[in-house]
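*Asks:* Let me begin by handing over the structure; questions about it come next.
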Amino acid sequence: MAPSSASGGEARQALAAGIGAYLLWGFLPLYFHLVAGFGVGSAEIIAHRTLWAVFWAFGLVFTSRQIPQVARVLREPRTMGVLALSTAAILANWTIYVIAVNNGKVLEASLGYYINPLMNMAIGAALFRDRISREGQIAITLAVIGVLVQAFALGHLPLVSLALAFSFCLYGVIRKQVQADAQTGLFIECLYLALPGLGYVLWLEHTGAGHFFDGLGVAALLLAAGPATVVPLAMFAWSARRLTMTALGFLQFLAPTIQFAIGVALGESLTPLRIVSFAFIWLGVAVFAWGIVRGSTRRSAPAHHDELSSQSS
């Protein structure tokens, strides 16, 4: 799990930033539970998330000196159209996740993010003709078995898990079509969502159903939805450019593991059959991770050989 060519202190900082991003994502259910404890409904949480995130996203593009890129994208109807689609996908993902967490389905949510990288691999093969390794095929098969066992345990398909995995996978597929940096794309997506979010918040406050003015504590928690959305993404984007795929392959399972532990700690039902289903998923994850390590080792070996050859010549 070694960092990439960004050596020394920067490599360690990149690894720390990546771990920090996934830790924040992992503990996000506790934040939503805390806000919901003040009587704030899922729709209001999502509205505040979309509203306050735009300010933090703007700060991100400003500090990254991407204002000219934002101006260019705003003048490109096709790019704006693609970003409108990615906005719909990420809004669906956020909505499903918040509702799931606030309705005692953190375990199902964690399952979705275990499945996501395996679904990405399958979609990549189907849409972009990416080659799936033998380890990848085994991992996907184990994940499918895990989902089927989970369906048997629940009495229905784990729709929350599948919807979370698919919506985030779809988001990634759409964003591949955008000729802009991640920070710029996020800011445009937040722009799309900010006005509806503001409108809904104002309507709630006008009708007396809002909670923003219930006290400083509630207001601070709702304002925190902005950095809770943007900060881990910024940390991830910075680290992803400096870490190997091996490191990222391992880190991406940190968040759902924390979410799983939170779901268990919150007393969600964990029957023996559900444990079996997660065991298949975890086994698939292990095979997936092994495939990443094996592939990384194969790629580094020729490079090391070439380096030795050049030194001897």
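*Asks:* Condition test on residue 144, is it modelled with pLDDT of 95 or more and β-branched (Val, Ile, Thr)? Lay out the reasoning, then the answer.
*Replies:* Values: modelled with pLDDT of 95 or more: no; β-branched (Val, Ile, Thr): yes.
No: the conditions fail for residue 144.
*Asks:* Might you check whether a residue that is over 17 Å from residue 95 (Cα atoms), surrounded by fewer than 19 Cβ atoms within 10 Å (Cβ to Cβ) and either touching a Pro at 6+ places or on another chain (Cβ under 7 Å) or charged (D, E, K, R) (or both) occurs anywhere in the range 149-168?
*Replies:* Looking through the range 149-168, at least one residue is over 17 Å from residue 95 (Cα atoms), surrounded by fewer than 19 Cβ atoms within 10 Å (Cβ to Cβ) and either touching a Pro at 6+ places or on another chain (Cβ under 7 Å) or charged (D, E, K, R) (or both).
*Asks:* Continuing with this model, one more query. Among the residues of the range 244-255, count how many are at pLDDT 85 or above and under 14 Å from residue 286 (Cβ atoms). First the steps, then the outcome.
*Replies:* As a first pass, look at the range 244-255 and keep what is at pLDDT 85 or above: 253-255.
Next, from what is left, pick out any that are under 14 Å from residue 286 (Cβ atoms): 253.
So the answer is 1.
*Asks:* Then there is this: Look at residue 157 and say whether it is in a helix (DSSP H, G or I) and either touching a Ser or Thr at 6+ places or on another chain (Cβ under 7 Å) or not polar (S, T, N, Q) (or both).
*Replies:* Numbers: in a helix (DSSP H, G or I): no; either touching a Ser or Thr at 6+ places or on another chain (Cβ under 7 Å) or not polar (S, T, N, Q) (or both): yes.
So residue 157 fails the test.
*Asks:* Also: If you check residue 86 against the conditions, is it surrounded by 14 or more Cβ atoms within 10 Å (Cβ to Cβ), within 23 Å of residue 47 (Cα to Cα) and in contact (Cβ under 8 Å) with a residue 24 or more places away in the chain?
*Replies:* Numbers: surrounded by 14 or more Cβ atoms within 10 Å (Cβ to Cβ): yes; within 23 Å of residue 47 (Cα to Cα): yes; in contact (Cβ under 8 Å) with a residue 24 or more places away in the chain: yes.
In short, yes.
*Asks:* Would you check if there is a residue in the range 183-191 being under 13 Å from residue 49 (Cβ atoms) and outside any helix (DSSP H, G or I)?
*Replies:* No, because not a single residue in the range 183-191 is under 13 Å from residue 49 (Cβ atoms) and outside any helix (DSSP H, G or I).
*Asks:* Within the range 42-95, count every residue that is among the hydrophobic types (A, V, I, L, M, F, W, C), within 21 Å of the chain's Cα centre (by Cα) and over 26 Å from residue 165 (Cα atoms).
*Replies:* Of the range 42-95, the ones among the hydrophobic types (A, V, I, L, M, F, W, C) are 43, 45-47, 51-58, 60-62, 67, 70-71, 73-74, 80, 82-85, 88-92, 94.
So of that shortlist, the ones also within 21 Å of the chain's Cα centre (by Cα) come out as 43, 45-47, 51-58, 60-61, 82-85, 88-92, 94.
Subset that is over 26 Å from residue 165 (Cα atoms): 55, 58, 60-61.
Final tally of qualifying residues: 4.
*Asks:* In the range 232-247, what count of residues is obtained for those that are surrounded by fewer than 17 Cβ atoms within 10 Å (Cβ to Cβ) and assigned to a helix (DSSP H, G or I)? Can you show your working first?
*Replies:* First, pick out the residues of the range 232-247 that are surrounded by fewer than 17 Cβ atoms within 10 Å (Cβ to Cβ): 241, 245.
Still in the running and assigned to a helix (DSSP H, G or I): 245.
Selection size over the range 232-247: 1.
*Asks:* Shifting gears a bit: Would you check which residues across the range 113-172 are hydroxyl-bearing (Ser, Thr, Tyr) and more than 21 Å from residue 283 (Cβ to Cβ) and list them? Spell out how you get there, then give the answer.
*Replies:* Taking the range 113-172 and keeping what is hydroxyl-bearing (Ser, Thr, Tyr), we get 113-114, 133, 141, 161, 167, 171.
Hits for the range 113-172 are 167, 171.
*Asks:* Could you check, for the range 56-63, whether at least one of its residues is of a type in the set (Ser, Thr, Tyr) and modelled with pLDDT under 95? Give the steps one after another, and end with the answer.
*Replies:* We begin by selecting, within the range 56-63, every residue of a type in the set (Ser, Thr, Tyr); these are 63.
Still in the list and also modelled with pLDDT under 95: 63.
Yes, there is a match, as at least one residue in the range 56-63 is of a type in the set (Ser, Thr, Tyr) and modelled with pLDDT under 95.
The values are calculated or read from the model by the stated rules, or taken from the named source; none is laboratory data. The shown structure was predicted, so the numbers you read here are calculated from the model rather than taken from an experiment. Using ideal geometry, Cβ is built from the backbone for each residue, glycine included, and neighbour counts are taken over all protein chains shown.
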